[in-house]
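Worksheet: one structure, shown below.
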Amino acid sequence: MKISKFFIIIITIAPAFGQDGGVPGALLNYGMTPRSIAIGKAFTGLADDQEAVYYNPAGLTQLLEHNIKSSYLSLYGAQLGYLGYALPTRRFGTFGVGVIYYAADDIDSRDEMNNPYGSYRFTQNCVIISYAYQPVIPLGIGTNLKVITSKVAQYGAIGMGGDLGIFLFPRRNFRIGLTCQNILGPKLTHYQRTEDFPLTFRFGGSLKLYQGRATIVLDVVKNILSYTRVEPHVGVEFIPLSSNFILRGGIDRNFLNAGMGLRNEWRRFSAGLDYSIELHYASSYLLPYRHKIGLYINFGGFRTWVEATPKQFSPTPGRKENVAWLDLHYTTKRKIKRWQLLIKNGYGEIVRTYSGWDDPPLRLSWDGLDDVGRVVADGKYFYELLLIDERGETLKHADFLVRVATLGPAGEIEFVPQE
């Protein structure tokens, strides 16, 4: 007896992607990393990391560093994994690639008389190759080529398709994204039964508030199938205190999501760990909650930082080490139009400002005085370096700079013993 394709497809797809009711291509409308899942899968109008290849390839134009992302999820007895990489360049746009792996074992099957027919394995893999370019300041465009392989029991299939994305920057803190997914496929044929991935439209926006510490995101998703509904997705990302800790929350028509992120930044690279949890409120929480973890690394690309020599000095006349030399390092996409270097005390107050037009000097000196010529207090001092290029895009980095420890002038003290 032949395995019933109807039962195979329903049993395989529905448990894994219940929010889509077994719609073909559900794997491409779910969410791959904890960050996007935690904010309700509302990423089309944000798309500011490597996962833009999944939601909106045009968002890759925002990237300034090489970005590697990976994640893993145990999905109702199945495994869902993701690995991606993005490469920004100075002249040729941004390139990206994403690999999705999904597998489910020991799935019960039925014959055409609905009798048990043993178990089988289902796998589906997808490779996404992306390219994005910014022809003018407020507009980015991007495209995907997708190759999908699928195997249901002994039946295998392969298909290809594409996506087209647009990203708009109407204001510095407000962005809009639009994606048309599954253009001209993919189509997967398993033993004379064909799955057509429906044409899907995603529209989203993001708004950054409080100097970028809070981000509100909204997506609206709809495919062309008449029996499916418009899917809203809403989320928020918030940095409460330290920039190393991020809180996230979101909701869609099936899941209530939450998550957090930890990250640390060094001069030449940064790394982070993300976590998300999904609660299926549409089933009155009968379905078990799901955890997802992910890692990411940013390195190389376009970045800037400052190195101070020495790391501690005393702004006292007559001493050898009474000046801190500040070496500025930077690699930018475009020619620099304006720059600013701020030196701040431990309370975040600005004590010294350097600024100028065109490229900043490679070395500056700080004599330990503030902007009005007074010697600063002892303690740790930090910097914030901001570069603005000819298109108005900014590159910024902040870190520890130097410690100030006031000492008296060098000399000798003669002690005369008393008789």
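Just so you know, all these numbers are worked out from the coordinates, no wet-lab data involved. Keep in mind that this is a model prediction, so the values were computed, not measured. Neighbour counts run over all protein chains shown; Cβ positions are idealised from the backbone, glycine included.
Worth a mention:
- When you filter the trypsin sites (Lys or Arg not before Pro) in the range 70-113 for DSSP loop state and at most 10 other Cβ atoms inside 10 Å of their Cβ, you are left with ARG91.
- With 10 Å bins from 0: P(r) over the chain, alpha-carbon pairs, percent: 4, 19, 26, 19, 13, 8, 5, 3, 1, 1, 0, 0
- Here the simple spin-label model places points 7 Å from the Cα toward Cβ, and for PHE95 and LEU139 these points are separated by 2.6 nm.
- Trypsin sites (Lys or Arg not before Pro) restricted to the range 226-259 and DSSP loop, no more than 15 other C-beta within 10 Å: ARG229, ARG253
- Members of LYS146/LYS208; LYS41/LYS69; LYS311/LYS396; LYS69/LYS380 lying beyond 27 Å, as alpha-carbon distances in this model show: LYS146/LYS208; LYS69/LYS380
- Based on alpha carbons, the Rg and Dmax found for the range 304-404 are 13.8, 46 Å.
- Two-site FRET efficiency, ASN322 against ALA271, from Cβ-Cβ distance with R₀ of 56 Å, rounded to 0.05: 0.90
- Applying both filters, DSSP loop and at most 12 other Cβ atoms within 10 Å, to the chymotrypsin sites (Phe, Trp or Tyr not before Pro) of the range 155-241 gives TYR210, TYR227.
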